[in-house]
1. Those residues that are small (Gly, Ala, Ser) and outside any strand (DSSP E or B), I need them from the stretch 73-128; list them, please.
2. Can you name the number of the only condition in (1) open to solvent by 50 Å² or more (accessible area, probe 1.4 Å); (2) in contact (Cβ under 8 Å) with a residue 60 or more places away in the chain that residue 93 fails?
3. Which numbered condition trips up residue 12, out of (1) under 23 Å from the mean Cα position of the chain (by Cα); (2) open to solvent by 40 Å² or more (accessible area, probe 1.4 Å)?
4. Identify, please: which residue in the stretch 63-87 is in contact with a Pro (Cβ under 9 Å, 6 or more places away or on another chain) and of a type in the set (D, E, K, R) and is, among those, surrounded by the most Cβ atoms within 10 Å (Cβ to Cβ)?
5. Would you confirm, using the coordinates I've provided, whether residue 23 is at negative phi and loosely packed, with under 13 Cβ neighbours inside 10 Å?
6. Considering only residues that are touching a residue at least 40 places away in the same chain (Cβ under 8 Å) and within 14 Å of the chain's Cα centre (by Cα), look in the stretch 48-79 and name the one that is farthest from residue 21 (Cα to Cα).
7. Just need a number here: residues in the stretch 132-154 that are open to solvent by less than 80 Å² (accessible area, probe 1.4 Å) and under 18 Å from residue 110 (Cα atoms).
8. I need every pair where a residue in the stretch 1-12 that is under 15 Å from residue 68 (Cβ atoms) has its Cβ under 8 Å from the Cβ of a residue that is of a type in the set (Asp, Glu) and assigned to a loop (DSSP other than H, G, I, E, B), sequence separation at least 6 or different chains.
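The values are calculated or read from the model by the stated rules, or taken from the named source; none is laboratory data. Since the model is a prediction, treat every value here as computed from it, not as a measurement. Here the Cβ positions follow ideal geometry from the backbone for every residue, glycine too, while neighbour counts run over all protein chains shown. Please note that ligands, DNA and RNA were not included when accessible areas were found on the heavy atoms of the full protein model with its side chains. Shrake-Rupley method; radii C 1.70, N 1.55, O 1.52, S 1.80 Å.
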Amino acid sequence: RFTLTISNQLVVGSSVSFAEGSVSVNPAAGDDDKYAKGSVVTLTASPASGYGLRNWAGTGSDTSNPTTVTVSSDKHVTVTFELRFPLTVNNYSVTGSSANFTEGSVSVNPVPKDDGKYPKDITVTLTAIPASGYRFDRWEGDASGNVTAVTITMNSNKSITATFKKVYTLTTSVNPA
């Protein structure tokens, strides 16, 4: 019979807890805190608030959640959680490659992770694209300036406003010509 450790903690029940999150283990270890040879164990990471799963090490799929591990000897798995921060543009949570409004849109590169958040210190480029009849004016909040593209570093929750202005057409005529 063999042991399973997750980030240097021996699995002795159905979960292992860390400051950044926890991992549920199914099935739980036996009464002797060990697994029979060939046991397939499902590991499910549950990040704590403000964190996300970065990856596993020592499993069959180091990016899947849940993932599985086959215990054929004493098995050592590592789970890595990372700080993640949400990005809000014009009061909308960014979940994809753009945020769209009546006045225009903001393209976002790269897109956030599946949980709608960005890993700490990743650089994100926002590009304002005015709709017909509008022009981009400026960035406000956690970004500033009046150029259409701005780069931000996700080191905290970010709230940004892209301000667009209505464009009016003025038609004049002279009489007599």
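1. Matches in the stretch 73-128: 73, 96, 97, 116.
2. (2)
3. Only one criterion is unmet by residue 12, namely (1).
4. By that ranking, first place goes to 84.
5. When the stated conditions are applied, residue 23 does not pass them.
6. 54
7. 8
8. From residues that are under 15 Å from residue 68 (Cβ atoms), the pairs are 4/74; 11/33.
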